[in-house]
1. Exactly which chymotrypsin sites (Phe, Trp or Tyr not before Pro) in the range 168-258 are in a DSSP loop and have at most 15 other Cβ atoms within 10 Å?
2. Over the Cα atoms of the range 169-212, each weighted equally, I'd like the Debye log10 I(q)/I(0) at q = 0.28, 0.29, 0.34 Å⁻¹, rounded to two decimals.
3. From the backbone phi of the range 127-138, what are the Karplus-calculated ³J(HN,Hα) couplings (6.51 cos²θ - 1.76 cosθ + 1.60, θ = phi - 60°) in whole Hz, Gly and Pro given as x?
4. Mind scanning K131/K246; K176/K283; K58/K240 and naming the pairs with a C-alpha gap bigger than 25 Å?
5. Give me the net charge of E207's neighbourhood, meaning all other residues with Cβ under 14 Å from the Cβ of E207; Lys, Arg count +1, Asp, Glu -1.
6. Using only the Cα atoms, what convex hull volume per residue in Å³ does the range 101-282 have?
7. So for the pair K240, A20, with labels modelled 7 Å out along Cα→Cβ, what separation do we get in nm?
8. Can you tally the net charge around D103? Count Lys and Arg as +1, Asp and Glu as -1, for every other residue whose Cβ sits under 14 Å from the Cβ of D103.
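No lab work stands behind these numbers, since they all come straight from the coordinates. Because the structure is a prediction, the values reported are computed rather than measured. Counting neighbours? That spans all protein chains shown, and the Cβs are built from the backbone with ideal geometry, glycine included.
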Amino acid sequence: MLQSLAGSSCVRLVEQHRSAWCFALLVLGYLLYLVFGAVVFSSVELPYEDLLRQELGKLKQRFLEEHACLSEQQLEQFLMRVLEASNYGVSVLSNASGNWNWDFTSSLFFASTVLSTTGYGHTVPLSDGGKAFCIIYSVIGIPFTLLFLTAVVQRIIVYVTRRPVLYFHIRWGFSKQVVAIIHAMVLGFITVSFFFLIPAAIFSVLEDDWNFLESFYFCFISLSTIGLGDYVPGEGYNQKFRELYKIGITCYLLMGLIAMLVVLETFCELHELKKFRKLFYVKKDKEEDQVHIMEHDQLSFSSISDQAASMKDDQKANEPFVNSQSPTSNDSSLNN
């Protein structure tokens, strides 16, 4: 008897705080996912880093042995200056001296990466004025970009997602949930094909040092707005039509970002995902719901009464003009 009462009370407690328990599991799962990623990246990349360090150390020692007139301190100062300039996108290599980082097309590409929060980091402002302008430009431009993307996605998704799903649901009688799932999968496949697979094949041809995996990696890192900056197209010294290529990449990033947002919005509108997301949300209080319902009812009642009054006014306005006479005046005229 006591065990049944304790079990029922525990079940009741869990049901009352179900959202809090789900949120706690979500936080725990996210932290475990972070730890899992750190463990995998560390185990995979640490041996390569150690190998590269050993190789650079041997190369440096060999260089010092072949150039005895150069001290290690002088070499360290030179390398520090070279690395500092490389962090700002300036290279001392002869094959990269012809490429400017701040011509118009490169600046346009930089502005698009800043506003889309991709931020490759291969080119950064050098002057204090450029850094200050970048701050002001981003503060205004990033919300402006979010507004622009939201408006574009809201208009596109009507024709790409909602109307096709509604058409198949009404015209062919299929279940709306099933049609929405199939449509989301088809739309995701089309987006992956046209904005990941095909561009990756094109980049692997246009970029001499990129294979297909590296090109696909660049597409994903860019369109997901991660922007690590280890692969940036159009930076080769023998790049043909570099200005036109940079403009094309800028258009690709904007169109790809819009396509990604459309796909995400399509998946977020699925009924199953909506139910899953509600598990982690805070439920509204009943008093707040009642207040919202009362406000909605009041607004509905007032709008209905206003519509009825306006309809009466329209009917009066549309009626033909007649000489309205009172009964007393009619009786007096008849008596006369």
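1. Of the chymotrypsin sites (Phe, Trp or Tyr not before Pro), the ones in loops of the range 168-258 whose Cβ has at most 15 other Cβ atoms within 10 Å are W172, F174, Y237, F241.
2. -0.89, -0.91, -1.03
3. Along the range 127-138, the couplings run 8, 5, x, x, 5, 5, 5, 4, 5, 5, 4, 6 Hz.
4. Too far apart for the 25 Å limit: K176/K283; K58/K240.
5. -2
6. Cα-based convex hull of the range 101-282, divided per residue, equals 151 Å³.
7. With each label point 7 Å from Cα toward Cβ, the separation is 6.7 nm.
8. Charge balance near D103 sits at 0.
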